[in-house]
1. Based on the Kirkwood radius over alpha-carbon pairs, what is the Stokes-Einstein translational diffusion coefficient of segment 100-149 at 20 °C with 1.002 mPa s viscosity, in µm²/s?
2. Where does segment 102-246 land on Rg/Rh, using Cα atoms and the Kirkwood Rh?
3. Spin-label point model (7 Å from Cα, Cβ direction): what's the LYS273 to PHE169 distance in nm?
4. Given H placed 1.01 Å from N in the peptide plane, which residues other than close sequence neighbours of LYS143 have an amide H under 5 Å from its amide H?
5. So how far, in whole Å, is the C-alpha centre of segment 78-105 from the one of segment 232-264?
6. Sequence-distant or interchain residues sharing an amide H contact under 5 Å with ALA17, placed H: which?
7. With r as the distance between the Cβ atoms of ASN146 and VAL57 and R0 = 25 Å, compute the FRET efficiency 1/(1 + (r/R0)^6) and round to 0.05.
8. Short version: ³J(HN,Hα) in whole Hz for each residue of segment 191-204, in order, from phi by Karplus 6.51 cos²θ - 1.76 cosθ + 1.60 (θ = phi - 60°), x for Gly and Pro, what are they?
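None of the figures in this text is laboratory data; all of them are computed from the coordinates on show. From a predicted model like this one, the values you see are computed outputs, not experimental measurements. As a convention, Cβ positions derive from the backbone with ideal geometry for all residues, glycine included, and neighbour counts pool all protein chains shown.
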Amino acid sequence: MKSESNLEKILVGGKFAVTGELGPPQGADVSVIKEKAKHLKGMVDSVNITDNQTAVVRMSSWAAAIIAIQEGLEPNYQMVCRDRNRLAMQSDILGSYALGIKNMLCLSGDHQSFGNHPYAKKVFDIDSMQLINMVKKMRDEKKFLNGEDIAEAPRMFIGAAANPFADPFDFRVFRLAKKIEAGADFIQTQCIYNMERFRTWVKQANDMGLTEKVYILAGVTPMKGVGMARYMQKNVPGMDVPEWVIKRLQGVEKKKQASEGINICCEQIEEFKEMKGIAGIHLMAIEWEQRVPEIVEQAKLLPRPSV
């Protein structure tokens, strides 16, 4: 059974997809979401609504997703395994679909020790592979995880994440294969800076026939400056920021570094458009949503297709 999502229709139609990201606020202020949404509307085909990212308490993903729908966006509802058992997960999936959410991204979630409640009790009742498979079972077999029937199945378009850069590198493509086998319809990758390594990973996926079974969206995050690049290089696990990125940003005056970061991002997008096995991009302009229209216009991604 297929979902009814706009993102799915664009990908199935062979159009180059663009997804964005919107982080809910650390409070109940709806205007924060509305302000971010106005920069994303008409610029992306779907927008990820993060689920307590970095293990910091924020407005719930499904609630922020409903507000995003009201603002004219199609949400990609994220769910992490850290905070819920299988009962709560299946309940939230039914509820979110009933309220109009058609896409979801299945994630393990950042460990609680990294966030603002480091002593919170982790759940991890099931892992991200099992979550992917559970959503597929609910959608395609109309069954709960225990085998009981679902009266009205949630027709979610199922997403998963991939990090082409974590060690051991040779295992990365096999982990991708496992997520596809579990039931992922589309994949969003970690932020890409090391293009050479990413090309190798995509070639491996092409050679294994994986790109014929799933839609891969390449993750791009524009650098705001040298400070951000150095921080991501040294402090973000699984992030691969080559030295050339830092040197290129250093080569321009400080007030122009953000524009140069966008230039690098757009150059990557141009290559992704022509890269075999890449079906679109996932644009993560973290707390920088106001620059998204500039980026998608510079990258010649407008107008977005209507379906």
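1. In µm²/s, the coefficient rounds to 167.
2. 1.02
3. 2.9 nm
4. The list, which skips near neighbours in sequence, is MET138, ILE150.
5. Each part reduced to its Cα centre gives a spacing of 36 Å.
6. GLY280, ILE281
7. Details: r = 30 Å, r/R0 = 1.22.
The computed FRET efficiency comes out at 0.25.
8. Listing the rounded values in order: 3, 9, 10, 7, 5, 4, 5, 5, 4, 5, 5, 5, 4, 4 Hz.
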